[in-house]
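J.: Below are the structure tokens for one structure; questions will follow.
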Amino acid sequence: MNPYQKYKNQSVESMSQGELLVLLLNESIKDLKRAELSLQDKQYEKFNTNIDYFQKIIRYLNQTLDMEQPVSHDLQRLYGYLLFNTGRVLAGRERKASEIPEMITIMTDLRDGFAGASKQTTTSHIVEEKRVVV
């Protein structure tokens, strides 16, 4: 394994769950943007590959939901909606390309929300640790 790959693996392994979630959401946004560009350039193989990557991430996020948490039911519906829309985009390509920017917006809002929550949780945890030490 090359040193860069080793570094990347160690970096991912040391991330918190919140950081990993934000990383996955970032990757899904990149996949959608690449798919949109590929579709504009009529590079259908790249388009299909990027949509496939996006769908894999959304399916993984859906499968890993903790259904004991109330927000999980809403996320499950959102993920289902995104998968439905990607199916429509795949079936219609140029006719349904207008769906991609909406999905990018949804994923960006979701990422920003989770990033903010993760940051608050990390900050709260640090404050609690300092209280214990004092």
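The values are calculated or read from the model by the stated rules, or taken from the named source; none is laboratory data. Values in this document were obtained by computation on a predicted structure and should not be read as measured data. All Cβ positions, even for glycine, are placed from backbone atoms using ideal geometry, and neighbour counts span all protein chains on display.
J.: In region 25-57, how many residues are under 15 Å from the mean Cα position of the chain (by Cα) and modelled with pLDDT under 95? Let's see the steps before the verdict.
T.: If we filter region 25-57 for residues that are under 15 Å from the mean Cα position of the chain (by Cα), which is where we start, we get 25-35, 50-57.
Next, only the ones that are modelled with pLDDT under 95 stay: none.
Counting residues in region 25-57 that are under 15 Å from the mean Cα position of the chain (by Cα) and modelled with pLDDT under 95 gives 0.
J.: Let me ask something additional. Out of all the residues in region 64-76, is one or more exposed (fewer than 14 other Cβ atoms within 10 Å of the Cβ), of a type in the set (Val, Ile, Thr) and in a helix (DSSP H, G or I)?
T.: Yes, region 64-76 contains at least one residue that is exposed (fewer than 14 other Cβ atoms within 10 Å of the Cβ), of a type in the set (Val, Ile, Thr) and in a helix (DSSP H, G or I).
J.: Filter region 62-104 for residues that are hydroxyl-bearing (Ser, Thr, Tyr) and under 21 Å from residue 18 (Cα atoms); which is modelled with the highest pLDDT? Even if it seems obvious, please write down each step before you answer.
T.: Residues of region 62-104 that are hydroxyl-bearing (Ser, Thr, Tyr), as a first pass: 64, 72, 79, 81, 86, 98.
Those left that are additionally under 21 Å from residue 18 (Cα atoms): 64, 72, 79.
Details: 64: 94, 72: 94, 79: 97.
Among those that are hydroxyl-bearing (Ser, Thr, Tyr) and under 21 Å from residue 18 (Cα atoms), it is 79.
J.: Restricting attention to region 91-114, which residues are in a helix (DSSP H, G or I) and touching an Asp or Glu at 6+ places or on another chain (Cβ under 9 Å)? Before the answer, list the steps.
T.: Taking region 91-114 as the starting set, the residues that turn out to be in a helix (DSSP H, G or I) are 91-96, 99-114.
Of everything in region 91-114, those that are in a helix (DSSP H, G or I) and touching an Asp or Glu at 6+ places or on another chain (Cβ under 9 Å) turn out to be 92, 100, 101, 104.
J.: Do you know which residues across region 34-45 are surrounded by 15 or more Cβ atoms within 10 Å (Cβ to Cβ) and of a type outside the set (Gly, Ala, Ser)?
T.: Going through region 34-45, the residues surrounded by 15 or more Cβ atoms within 10 Å (Cβ to Cβ) turn out to be 34-36, 38-39, 43.
Hits for region 34-45 are 34, 36, 39, 43.
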